[in-house]
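One structure is given here, and the rest of the page talks about it.
Where a number appears in this text, it was derived from the coordinates with a stated rule and is not lab data. Keep in mind it's a predicted model, so treat the numbers as computed, not measured. Positions of Cβ are generated from backbone atoms using ideal geometry, with glycine treated the same way; all protein chains shown enter the neighbour counts.
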Amino acid sequence: MKAAVCERYGPPEVVQIREMPKPVPADGEVLVKGFATTVNSGDARVRALRVPRGLKLAMRLKLGFNQPKQPVLGFEMAGQVEAVGNSVTRFQPGDRVVASRGFDFGCHAEYVTVAEQGDIATIPEGLSYEDAVALCFGGTTSLIFFRLGKLAAGETVLINGASGAVGTMAVQLAKHLGAEVTAVCSAANAELVSGLGADHVIDYTAEDFTRNGRRYDVIMDNHGNAPYSRVKDSLEPGGRFLMVVGDLWQMLTAVRQKAVISAGKTDASKTADNYRTLLALAEQGVLKPVIDSVVPFAQIVDAHRRVDSGHKVGSVVVTFGQDD
Ligand SMILES: NC(=O)c1ccc[n+]([C@@H]2O[C@H](COP(=O)([O-])OP(=O)(O)OC[C@H]3O[C@@H](n4cnc5c(N)ncnc54)[C@H](OP(=O)(O)O)[C@@H]3O)[C@@H](O)[C@H]2O)c1
């Protein structure tokens, strides 16, 4: 099978397509043939070892000191079950699924194996592979943070970085939860985020939301330029700060400050449950997948370049077509 291999940290061009052995499902595993995956901001961070200040050593220890331990990146895949290992009962060949191996990556390849009890969920009829996979990264992140931050109906939430993969899902899920949503992005994306349900839009090039005197119950930072120290006066009493991006010092603040919610604060939810929630909401028309671009697998380096721009709109989807 073909796989996109990243054998050293660096720019998009370090990614190369190679032939690799097709995996065989072990007992309890499902073999998925990929139709669509994403290059998301997490993949691009790992590829470039571009991590927030103070976290490089920890990331090298986790991901590989001089090169990625797992050279095939990719968090999520949408595709069809091709085969199942012994004792698998919940999936069978032909099922349409989204699947992930989490930080074991491996989804930038034509095939991937996933544990039956792992991060895998059935795609409802009527939802394309591209749409299904586009929900996963930003959708699971938003669900986790909103749950940890206890975002509730009637509350106000400001989403900084509202037009990316996380932001576009966060705007819609916050509306679905009954919150009043303020989206912060560039003017070019104002119409998009309004269309997704944002009640108010702030163009960060024209207005600093931390200086306009307004306060919010919840502030979510998806860009990294709105740390707790900068936004704390924009929080209502009892307000919560969702630190989706943060450096080591901000993480240490999260340990001391109850108001600061980081991904480190434990979330017991299962990815497969989150996938099922997202797919069901998309099937009901509550959640719209937002796709920046669809790139053939042979051009995955271009997908990495687009992600590196820092201005993609929703998800960059990569498809495994017959030409690949
Ligand atoms: N902690 C976790 O578990 C976790 C999980 C997932 C992602 N993340 C992190 O979350 C971040 C966002 O991910 P993503 O995939 O959504 O990224 P993305 O798709 O690249 O989105 C970036 C967003 O940032 C906005 N932006 C750019 N410059 C800005 C500025 N100066 N002020 C405010 N917003 C600005 C962009 O808006 P315009 O294009 O309109 O400028 C866009 O909405 C990444 O750093 C990723 O690593 C963390």
Worksheet item: Length gain on complete extension for the stretch D302 to E191, per 0.36 nm per residue less the alpha carbon to alpha carbon distance?
Response: 37.3 nm
Response to the item:
Non-local residues with an amide H under 5 Å from the amide H of E180, with H modelled 1.01 Å from N and Pro and chain starts lacking one, are G154, E155, T156, V157
Worksheet entry | Dipole of the chain [Lys/Arg +1, Asp/Glu -1 at C-beta], most positive-end residue of A58, Y275, C136 | A58
Response to the item:
Largest fluctuation, L61, L281, L135 only, Gaussian network model of the chain with Cα springs under 10 angstrom, belongs to L61
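Any chance you could tell me what percent of the C-alpha pair distances in segment 1-147 go past 26 Å? Show your work: numbers first, answer last.
Numbers: 2886 of 10731 pairs.
Here the long-distance tail beyond 26 Å is 27 percent of all Cα pairs in segment 1-147.
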Worksheet item: Stokes-Einstein D for segment 162-281 at 25 °C, 0.890 mPa s, Kirkwood Rh over Cα pairs, in µm²/s?
Response: 161
Fill in: Computed lengthening from D233 to R53, 0.36 nm per intervening residue step minus Cα-Cα distance
62.4 nm
Worksheet item: Roughly how many whole Å is it from the C-alpha centroid of segment 108-174 to that of segment 2-46?
Response: 20
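Just to be sure I understand the rule: take each whole DSSP H helix in the chain, project its Cα atoms onto its long axis, keep it if the span is 27 Å or more and its mean Kyte-Doolittle hydropathy is at least -1.0. Which ones pass?
Working: long enough: 129-148 (29 Å, 0.94).
Helices meeting the span and hydropathy rule in the chain are 129-148.
Okay, helix-only estimate at 222 nm for the chain: each DSSP H run of n ≥ 4 adds -39500 (n - 2.57), divide by all residues, round to 500 deg cm²/dmol; what do you get?
-8000 deg cm²/dmol
Would you please give the FRET efficiency between D208 and Q257, computed as 1/(1 + (r/R0)^6) with r the Cβ-Cβ distance and R0 = 25 Å, to the nearest 0.05? Please list the in-between numbers first.
Numbers: r = 22 Å, r/R0 = 0.88.
Calculated transfer efficiency: 0.70.
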Discussion item. Is there a quick way to get the dipole size of segment 166-324? I mean about its Cα centre, with the Cβ of Lys and Arg at +1 and of Asp and Glu at -1; what is the value in debye to the nearest 20?
Written reply: 580
Worksheet item: Once amide H atoms are placed 1.01 Å from N in the peptide plane, what residues at a sequence separation of 5 or more from V201, or on another chain, have their amide H within under 5 Å of its amide H?
Response: A183
Practice prompt. Determine the distance separating the Cα centre of segment 230-260 from the Cα centre of segment 191-221; give it in Å without decimals.
Written response: 18
Response to the item:
Computed over the chain, the Cα gyration tensor eigenvalues, each multiplied by 5 and square-rooted, give semi-axes in Å (largest first) of 33, 22, 19
Response to the item:
Rounded to the nearest whole number, the per residue volume of the convex hull around the C-alpha atoms of segment 217-324 in Å³ is 159
Discussion item. If amide hydrogens are placed 1.01 Å from N in the peptide plane, which non-local residues have theirs closer than 5 Å to the one on L55?
Written reply: L248
Worksheet, complete the sentence: Under a Gaussian network model of the chain whose springs join Cα atoms within less than 10 Å, the largest fluctuation of T277, T113, T140 belongs to T277
